[in-house]
1. Quick one: pull the percent of accessible area on the chain belonging to carbon and sulfur, 1.4 Å probe, ligands and nucleic acids left out.
2. Just grab the label-to-label distance for Ala90 and Gln288, each label 7 Å out from Cα along the Cβ direction, in nm (one decimal).
3. Compare Ser57, Ser204 by solvent-accessible area with a 1.4 Å probe and give them largest first, with all protein chains kept in place.
4. Subtract the Cα-Cα distance of Leu229 and Lys264 from 0.36 nm times their separation in residues, and report this length gain in nm to one decimal.
5. Got a number for the accessible area of Leu176? Probe 1.4 Å, square angstrom, nearest 10.
6. Taking all protein chains together and a probe of 1.4 Å, list Met307, Met189 from the most accessible to the least accessible.
7. For Thr144, enumerate residues with amide H under 5 Å from its amide H, sequence gap 5+ or separate chain, H modeled in the peptide plane.
8. For the chain, what is the charge dipole size about the Cα centre, in debye to the nearest 20, if Lys and Arg each add +1 at the Cβ and Asp and Glu each add -1 at the Cβ?
Amino acid sequence: MPLLLAIESSCDETAVAIVRGEGGHAAEILASEVASQIELHREHGGVVPELASRNHSLRLRGLVEKALAGARVAMPEIDAFAATTGPGLASSLLIGSTAAKGMACALGRPFLGINHLEGHLLSPFLHETRVPPHLALIVSGGHTLLLDVEGPGTYRKLGGTRDDAAGEAYDKVGKLLGLPYPGGPEIEMAARSGNPAAFDFPRSMLHDPHLDFSFSGLKTAVLYTLQKLPPPLPVTDLAASFQQAVIEILVGKTLRAARHGGRKTVALSGGVSLNRALRAAMQGACDQAGLQLVTADPALCTDNAAMIAFAALLRHLHGEQTPLHEDIHPSLPLATAG
Ligand code: KG4
Ligand code: ZN
């Protein structure tokens, strides 16, 4: 069975994974190392690109060695090397892709440049024997995307965000509420003890006929509301009401897209899909509509290299490879609208 080593370095996580798999079998993760830079960027309130790339280059070699040792695999046994080549921060993408190309070149193995979003998109199916036709919602810090998926490699974009991504909205609202970066998990925690009906925030574009999203109006509504409130801020109620609006928008649009496209399976991926309230609401809505919901393992929701290795494995099994002279693509779309 082919063995793949993949590197993910598109943003603030340096990750290396080794995955093994074959057509018709569930893939197996032999190693998945993730070194988060969250602490490094926290004092700046967001990711600082130059700090990110320098740190990727410092951590990468150690993570490759740790992954090989953990998987009990020697480098020459690897059949193909992969890296995220976009979208992401250019200087960070270059570190991972150059390293993977170097290893591929030294060992005379194929290299595969992988779209980060394809990694997220396919992550719910890593433990399945196939990727069925489905409706996919990717919700991460940088992206909110609804796609119709015919199978691996055949994606049609149905909708995306017109301004902030869902995770970005969580992070910005977290900042407004005085919570540490990243705001997503902090807001989820605060929301547990808040009243989701305390504030009536807008469900932007929920009833528009298209499948695009907009979260910046929601963020502004939170800002205007809290500016009018006397201290101390009701952080838990604000967090719960904000989260309720996000969830209703995401679930509403996803279910409508699935109905329109006639898909029977819905797949949820990306960092925001870690949110338990979102998972529960999506599960409830899918159950009611007779749809099957597939979510990624929690370890595969936020950025990791196992999802990149899995996407690369499917392409490798298909006989694909990427020329070594191919550039990174910092704003690479996964699919065109159609
Ligand atoms: O997929 P990811 O690791 O990175 C990107 O590709 O962007 O997603 C990170 C995003 C951040 O915005 C973070 O706040 C959000 O996922 N996030 C969450 C939760 N955990 C992480 N958002 C809501 N609830 C969570 N529990
Ligand atoms: Zn991501």
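1. Numbers: 7560 of 14170 Å².
In the chain, the share of accessible area belonging to carbon and sulfur is 53 percent.
2. About 4.7 nm, to one decimal.
3. Most to least solvent-accessible, the answer reads Ser57, Ser204.
4. 8.1 nm is the gain from fully extending Leu229 to Lys264.
5. Roughly 60 Å² of Leu176 is accessible to a 1.4 Å probe.
6. Met189, Met307
7. Distant-sequence amide H within range of Thr144: Thr161, Ala166.
8. The calculated dipole for the chain is roughly 360 debye.
The values are calculated or read from the model by the stated rules, or taken from the named source; none is laboratory data. Nothing here was measured: the structure is a model prediction, and the numbers come from that model. So basically every Cβ, Gly included, is an ideal-geometry build from the backbone, and we count neighbours across all protein chains shown. Just so you know, the surface numbers come from the protein's heavy atoms only, side chains and all, with ligands and any DNA or RNA stripped out. Shrake-Rupley method; radii C 1.70, N 1.55, O 1.52, S 1.80 Å.
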